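For reference, the structure is listed below as structure tokens.
The values are calculated or read from the model by the stated rules, or taken from the named source; none is laboratory data. What you are looking at is a predicted structure, and each value in this text was computed from that prediction instead of being measured. Please note: Cβ atoms are built from the backbone with ideal geometry, for glycine as well, and neighbour counts cover all protein chains shown. Side chains included, ligands, DNA and RNA excluded: accessible areas come from the protein's heavy atoms. Shrake-Rupley method; radii C 1.70, N 1.55, O 1.52, S 1.80 Å.
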Amino acid sequence: ADIYSCLQRARGFSQTIAAAGATEVVLRSTGPMGTAEEGGRLMRQLLDSKGALPTGIFAHHDLMAFGALSVAEERGLACPRDFSMVGYNDLPNVERMVPPLTSVRLPREELGRLTGEVIVKILSSADRPPASRKLAPDLVVRQSTGPPRDFR
């Protein structure tokens with residue numbers, strides 16, 4: 001709830017869901033650590049609520065997606081048969097998860113290069129802050145996403 005990039009991701013997700021005419025299920029709890037344990041805790045909260053199971057879940061970190069998928073499996077649910085899952089960061093080996101995780105990938109090399117440039121600029125001209133830059137992520141589609149299932 002206090003990390004700017006996560007707030008921006010959540011805002012973009014909410015805007016996209018609304019624009020698609022879909023219904024967003026909002027958990028009032030957050031996962032401040034971005035761990036598998038937090039993802040599992042939030043998935044338990046979602047599954048224990050009285051609402052309908054969502055057709056898609058967006059996790060703010062791949063580790064949270066891993067925890068959520070583990071809890072779903074414990075409860076007899078299968079991804080993507082019962083719901084789709086998308087993570088964030090495209091961590092190494094997420095393609096080896098079962099199912100392989102669809103994830104948002106940041107351009108790591110470009111991010112590292114720009115970070116180095118910013119540090120050099122800050123050190124060489126501390127009186128002028130460097131210009132802000134934004135990098136577009138990529139969606140890496142794997143087998144954790146699929147068409148929504150009818151839950152009636």
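Observations, loosely collected:
- Degrees between helix 4-19 axis and first principal axis of the chain (Cα, 0 to 90, nearest 10): 50
- Label-to-label distance, nm, for residues given as residue 11 and residue 118 (7 Å Cα→Cβ offset): 1.7
- Length available on full extension from residue 24 to residue 74: 0.36 nm per residue minus the Cα-Cα distance, which gives 15.6 nm.
- Using the 1.4 Å probe convention, the accessible area of the chain works out to 67 Å² per residue with neighbouring protein chains retained.
- A full extension of the chain between residue 126 and residue 53 corresponds to an added length of 21.1 nm, given 0.36 nm per residue minus the alpha carbon distance.
- For q = 0.14 Å⁻¹, Debye-computed log10 I/I(0) when each Cα of the chain counts as one equal scatterer: -0.74
- On Cα atoms only, tilt of 36-48 relative to the major axis of the chain in degrees: 40
- Accessible-area composition of region 1-150, carbon plus sulfur, in percent [1.4 Å probe]: 58
- Between 57, 122, 17, the Gaussian network model of the chain with springs among Cα atoms under 10 angstrom shows the greatest mean-square fluctuation at 122.
- Span from the region 73-101 Cα centroid across to the region 1-57 one, whole angstrom: 15
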